[in-house]
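The values are calculated or read from the model by the stated rules, or taken from the named source; none is laboratory data. Being a predicted model, the structure only gives us computed values, none of them experimental. Positions of Cβ are generated from backbone atoms using ideal geometry, with glycine treated the same way; all protein chains shown enter the neighbour counts.
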Amino acid sequence: MDDYSLITSLVTGFGLALPFGYVAEKFFRAPALVGYILAGLAASVLPGLPPVNPKMIEQLAEIGVMLLMFGVGLNFSVHDLVRVKGVAIPGAPTQMVIAASLAACVAMGFWHWDFGAAVLFGFSIAGASTVVVTKALELRKLTNEMNGQATLGWLVMEDLVSVILLVCLPPFAAAVHGDQTVSLLGVLLDIVKTLAWAAVFVSLMMVVGRKLLPLMLREVARTGSRELFTLSVLGAAIVIAYGAGAIFDVSFALGAFLAGMVMQESRFAHRAAQESLPLQDAFSVLFFVSVGLMLDWHVFLEKPLEIFLVVLIIMVGKMTFSTTIVVLLRWPLDTALTIGSSIGQIGEFSYILAGQGIALKLVDASIMSVIVAASIMTIALNPLLFLAAPHIRQFLVTHFKWARKAAMRQPPFSQLPADTPREMLDGQVIVIGASEVARELFQTMKKEGRRTIVICNPSDPLEELRADGFGVIVGDPTDPMVLVQAHVTRAGALVMPAADVVEAERVLAVVRQLNKDLPVVVLLKTLDEAGDFDPADKNVFLLCEPLIASISLAAVTVEQLVKHEEDEAESESRMMSVRDILDAEYRRSVESVRFGGLRAPAENAEAEDVQSAAAKVAGEAMATARSRQRKKLSPGEAARAFGERFANWLKKGSSKKSKEKPLEKAD
């Protein structure tokens, strides 16, 4: 079966991941990824299972990291990174240095490690797993909120610092081993070289890739082949990620992330994300299985104190340092706690740094077991940090003045500016999301001068919307406080142009708690989704995309047919009698007036008046028809002009006689 090591590895990996993940999620209320890690541990210790090739699983897991980071990049634009640069650029490196220093001091003070091993160990646990954080943010629906965007920006900076550390390790190891040829200038030159290559790669992606990748997606999409489109997405993610590592000495994860950021500029970005999502999920499962495979469970019995101290530094120390740094950078307390909770674990870069240190003989192989054990413990316990965050916030706000000030701060675009005009907050239209579907709506609102407030994601064009005169709030529309910020109680209407049915129901439930009579317009994907809404709510207006598309298709088709028929009628207008057309239109107008509720002529004299007035109007209409025909208008338009004139005359005559009757009675 050695020839089928890939198949047997997948059989065992997926076969164990499913039951272990289900048990963790269903019975222990833990994330499924904890079960995946335990599945990897079980695969290494349980007898009788199909053989697993750890090297094969590691490579498949690396593909999972590429695809996952590619998906993150698809939802994270350059503007998002620039928006959170104030917290990510100074904060992440500072936190890593402080955490590494603490871990190095503990290693030298308690375990009597030498300086080189202690420094390597410190930086190995200073970073966080991008995969774990991404999954944690997705699970809590924080990815598209400002706090989640700040966390992702923080992780991007940690990845860049980790790349620099990998460059610095060889000269650092040589200096520790007493190599006299190593100089500070040489180390600095290596760092500058690495940063230069990284800058070249980023520049190529931002300049060349920004044009080529969206163009490639568009051309492939035009073929109509779903297989080719999926292949182009996966190929772009994996090839660019590999090229980033092989040519520019940048990590696979960072290369895939930048590829996703560039492809996000394409209008096919949403479809690309949907096509790659199943493979992202499947391969990310293998990443966590590979983590479990690396664990030697004997380390829990041999070094329990070391593992406990490492877990304490990672979860308590890193969360404390990062939260403090973010608050000192004058960001909100909620953002600080979100970042602190997210990075309270270690992952893939820790294994890479530790493996590089073992290869350079800075540390022995036993350190890998400690790091992997600490990684599994922190990944499994990381959800507890998110659960504890609200209680920590409450404690800090209750006991410390600085925490109360930090809690009062708001992330950018989380609320309307203080100088928002009061008329903007009365009778305004609230739009949930700034998707492609909403663009025409925004143009109409701007053209009509309608007051509009948009509740959207950080990845939406926030500055552009605000420049167009719209109010912009970044937040979760299912959060009552976000709707209160949009002054939903005084709004004129609320529109959900691109929400899925579950989110739309949740938003509507919150809206009805705040404003029971607010008109709500919802665009649905299918007709079946309309059954999920309360039919008794008469202020909910449901639109269905397939139905709208069908009606639009029919309208355009009929319009073109009528236009074609009118063109033919115009060419044959010399053969037609305008008088016959007017006569037919006159008969229809009289019938429509009679059946439309206006008083019909009852006496013969009155009927004669109608006929003579109709002849007069017909004469005027005929003259108008001839003049309009000279302007190349259709006979139908001329006939409609007559009908309008005759109907107007009847209405005026009816109202005039109704006013004269009381005078006759008075006589």
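Looking only at the range 457-512, filter to residues that are in contact with a Gly (Cβ under 6 Å, 6 or more places away or on another chain) and modelled with pLDDT of 85 or more; which one of those is nearest to residue 151 (Cα to Cα)?
Here is the first cut: in the range 457-512, the ones in contact with a Gly (Cβ under 6 Å, 6 or more places away or on another chain) are 482, 492, 498.
Cutting the leftovers down to modelled with pLDDT of 85 or more gives us 482, 492.
On the way: 482: 21, 492: 36 Å.
So the residue we want is 482.
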* Has the range 247-267 got at least one residue that is surrounded by fewer than 23 Cβ atoms within 10 Å (Cβ to Cβ) and on the phi > 0 side of the Ramachandran plot? -> yes
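Quick check on this structure: which one of 141, 135 is assigned to a loop (DSSP other than H, G, I, E, B) and either assigned by TED's automatic domain parsing to the domain that holds residue 291 or at negative phi (or both)? It would help to see each step written out before you state the result.
Details: 135 fails: assigned to a loop (DSSP other than H, G, I, E, B).
Testing whether each residue is assigned to a loop (DSSP other than H, G, I, E, B) and either assigned by TED's automatic domain parsing to the domain that holds residue 291 or at negative phi (or both) leaves just 141.
Return the residue satisfying two criteria in turn: it lies in the range 117-166 and is more than 28 Å from the chain's Cα centre (by Cα) and of a type in the set (Gly, Ala, Ser), and of such residues it is nearest to residue 96 (Cα to Cα).
Checking each candidate, the answer is 126.
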* Structure fact -> Of 325, 307, the only residue that is closer than 22 Å to residue 163 by Cβ and either modelled with pLDDT under 90 or not acidic (Asp, Glu) (or both) is 325
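Filtering the range 20-67 down to residues that are without any contact (Cβ under 8 Å) to a residue 60 or more places away in the chain and within 14 Å of residue 292 (Cβ to Cβ), which residue is nearest to the chain's Cα centre (by Cα)? So that I can check it myself, show each step before the final result.
Narrowing the range 20-67 to residues without any contact (Cβ under 8 Å) to a residue 60 or more places away in the chain: 20, 22-29, 32, 35, 46-51, 53, 55-56, 59.
From what's left, within 14 Å of residue 292 (Cβ to Cβ): 20, 24, 32, 35, 46, 49.
Values: 20: 30, 24: 28, 32: 23, 35: 27, 46: 41, 49: 40 Å.
Going through the qualifying residues, I end up with 32.
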* Structure fact -> Condition set at pLDDT 85 or above, more than 25 Å from the chain's Cα centre (by Cα) and surrounded by 20 or more Cβ atoms within 10 Å (Cβ to Cβ), scope the range 328-353, selection nearest to residue 143 (Cα to Cα): answer is 346
* To do: Determine, yes or no, whether residue 273 is over 23 Å from the mean Cα position of the chain (by Cα), surrounded by 18 or more Cβ atoms within 10 Å (Cβ to Cβ) and not acidic (Asp, Glu).
  => no
* To do: Could you identify the single residue in 440, 463 that is under 22 Å from residue 143 (Cβ atoms) and assigned to a helix (DSSP H, G or I)?
  => 463
* Which condition number does residue 112 fail, the rest of (1) under 21 Å from residue 373 (Cα atoms); (2) in a helix (DSSP H, G or I) being met? -> (2)
* Please enumerate the residues belonging to the range 19-53 that are assigned to a helix (DSSP H, G or I) and either in the same structural domain as residue 281 (by TED's automatic domain parsing) or exposed (fewer than 15 other Cβ atoms within 10 Å of the Cβ) (or both). => 19, 22, 26, 45
* Condition met for residue 86 (surrounded by 15 or more Cβ atoms within 10 Å (Cβ to Cβ) and not assigned by TED's automatic domain parsing to the domain that holds residue 165) -> no
